[in-house]
1. Considering only residues that are free of Cβ contacts under 8 Å to residues at least 24 places away in the same chain and crowded, with 19+ Cβ neighbours inside 10 Å, look in the stretch 34-68 and name the one that is farthest from residue 199 (Cα to Cα).
2. How about the stretch 17-28: which of its residues are surrounded by fewer than 18 Cβ atoms within 10 Å (Cβ to Cβ) and over 18 Å from residue 303 (Cα atoms)?
3. So, residue 150, is that one modelled with pLDDT of 90 or more, of a type in the set (Gly, Ala, Ser) and surrounded by 21 or more Cβ atoms within 10 Å (Cβ to Cβ) or not?
4. Tell me which of these residue 127 doesn't satisfy, since it passes every other one: (1) of a type outside the set (Lys, Arg); (2) surrounded by 22 or more Cβ atoms within 10 Å (Cβ to Cβ); (3) in contact with a Lys or Arg (Cβ under 8 Å, 6 or more places away or on another chain); (4) within 26 Å of residue 201 (Cα to Cα).
5. What residue, among those in the stretch 430-482 that are of a type in the set (Asp, Glu) and more than 30 Å from the chain's Cα centre (by Cα), is surrounded by the fewest Cβ atoms within 10 Å (Cβ to Cβ)?
6. Here are 357, 373: which of them is in a helix (DSSP H, G or I), crowded, with 18+ Cβ neighbours inside 10 Å, modelled with pLDDT of 85 or more and not assigned by TED's automatic domain parsing to the domain that holds residue 158?
7. Suppose we filter 71, 31 for residues that are over 23 Å from the mean Cα position of the chain (by Cα), part of a loop (DSSP other than H, G, I, E, B) and surrounded by fewer than 13 Cβ atoms within 10 Å (Cβ to Cβ); which single one remains?
8. Run down 74, 54 and say which single residue is under 19 Å from residue 134 (Cα atoms), in contact with a Lys or Arg (Cβ under 6 Å, 6 or more places away or on another chain), at pLDDT 85 or above and not small (Gly, Ala, Ser).
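The values are calculated or read from the model by the stated rules, or taken from the named source; none is laboratory data. What you are looking at is a predicted structure, and each value in this text was computed from that prediction instead of being measured. Cβ placement follows ideal geometry from the backbone for every residue including glycine, while neighbour counts extend to all protein chains displayed.
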Amino acid sequence: MPLSAPTKLVLITGATGYVGGRLLAELAGTGCRMRCLVRRPEHFRQRVPADVEVVAGDLLVAESLRPALAGAAVAYYLVHSMGSAGNFEEQDRRSAQNFAAEAKVAGVERIIYLGGLGVDGGDLSPHLRSRHEVGEILRSTGVPVIEFRASIIIGSGSLSFEMIRALVERLPIMVTPRWVRVLAQPIAINDMLAYLLAALELPNMGSATFEVGGPDVVSYADLMREYARQRGLRRWMIPVPVLTPRLSSLWLGLVTPLYARVGRKLIDSIRHPTVVRDGTARHAFTIEPVGMTEAIARALRNEDHDCAQTRWSDAVSASGTDRTWGGTRFGNRLVDVRALLVQVKPELAFAAVCRIGGETGWYYANWLWTLRGWMDLVAGGVGMRRGRRDPASLLVGDTVDCWRVEALDTGKRLLFFAEMKLPGRAWLEFVVEPAENGAVIRQTAIFDPVGLWGLAYWYSVWPLHQVLFAGMLRGVARAADS
């Protein structure tokens with residue numbers, strides 16, 4: 001019987017992380033019974049389907065793992081301590097020892113572990129050395145372990161990809177140290193997930209280690225050039241012979257979202273080649289990983305999909321982040337959300353939203369919209385002259401002044417895409433939800449800046465947006481109530 005059969009229980013550790021979170025979403029469609037081990041279940045339960053069991057536990061406390069491992073046939077081990085302030089190697093070691101011992105007692109049939117590429121016994125960084133040691137510890141109690149060793153994982157939200165994105169978007173000229181030219185073999189997140197899922201179907205073969213990667217052997221410099229090409233950015237790299245990991249990590253802390261301590265551990269790993277030397281995975285699996293170009297393109301397309309599907313208001317609320325100057329950042333996007341309760345039926349509120357633009361205007365400071373339209377015309381854009389097809393109804397694809405309807409869920413959601421000249425891409429979303437004695441109208445402005453000019457534009461118009469968009473929302477509410 002395959003281990004992924006619906007009667008089997010699958011445990012995921014690290015479900016709050018990037019790979020673990022994506023794996024959880026993929027497993028949700030397989031019919032497996034799923035359980036997640038997290039330290040703070042009260043914050044995690046609202047983010048997973050109702051049929052996913054969430055259990056509290058701490059890998060550093062052995063006895064806390066027993067409820068999570070009870071009855072589990074397969075356990076994914078997708079945790080590390082790179083972000084910890086203490087001795088991450090010792091924490092990784094203790095966590096793996098506790099998990100391996102408790103998995104043996106619980107009768108777990110297989111552990112699936114994601115580690116890092118690098119030559120065993122070679123001159124490895126502390127991070128890669130710890131990744132290999134964790135694999136050895138997990139195998140030490142006799143529970144079969146399928147270990148995958150990977151290099152850079154390319155996907156929107158992954159640590160390495162976000163570092164590449166931030167550097168390329170923010171630095172037209174980069175002084176690049178030697179580690180930027182060290183070779184790696186990146187793999188797309190979808191391909192990495194395919195390997196992790198396929199490991200469920202492997203026959204009982206004991207423990208095995210598979211090195212996985214895409215077909216391209218490239219450097220971080222190559223990845224940054226390709227990202228810049230796909231984003232339409234021109235970037236210059238000036239190589240320098242020395243720039244220590246400590247200085248590089250501080251540099252990353254200034255210009256990227258990475259904490260300096262995480263950046264240093266990451267750079268320590270990058271200083272060593274991480275390429276596939278054992279091709280066993282090609283014969284054991286039918287997966288054909290995509291190359292660097294397609295992996296980056298997929299990461300960017302995934303952001304577009306998220307922009308179309310994500311409830312940004314929920315994401316802002318779930319992040320626990322207060323409104324800050326410029327809004328809340330998700331990937332490369334800047335998101336500004338506001339909401340207003342109106343004492344009318346949801347259908348009336350949505351009807352007011354759908355009348356926006358054209359002869360109705362934008363419900364607030366129409367002279368500013370007219371001025372923006374003239375500025376757009378001067379810049380070669382479409383301006384505000386196009387109006388709209390119908391004063392009250394909309395269809396996907398309709399133009400509304402300088403916007404176009406990109407998505408419409410009648411009575412619930414309207415998404416505009418900006419067709420004015422901008423150093424980036426912009427969306428404006430309205431969502432109407434039923435509430436006690438009325439409805440809530442949520443308005444979300446989303447901007448995907450391209451390079452420094454895009455960031456400069458967004459932050460410069462941010463104060464105006466606070467007045468303009470807030471006034472627009474109040475105008476929609478008044479129109480719905482009239």
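1. Across the stretch 34-68, the extreme among qualifying residues is 57.
2. Selection gives 28 alone.
3. Yes: the conditions hold for residue 150.
4. Among (1) of a type outside the set (Lys, Arg); (2) surrounded by 22 or more Cβ atoms within 10 Å (Cβ to Cβ); (3) in contact with a Lys or Arg (Cβ under 8 Å, 6 or more places away or on another chain); (4) within 26 Å of residue 201 (Cα to Cα), the lone unmet condition for residue 127 is (4).
5. 436
6. 373
7. Values: 71 fails: surrounded by fewer than 13 Cβ atoms within 10 Å (Cβ to Cβ).
Just a single option satisfies the conditions, and that option is 31.
8. Details: 54 fails: under 19 Å from residue 134 (Cα atoms).
Going through 74, 54 in turn, the sole match is 74.
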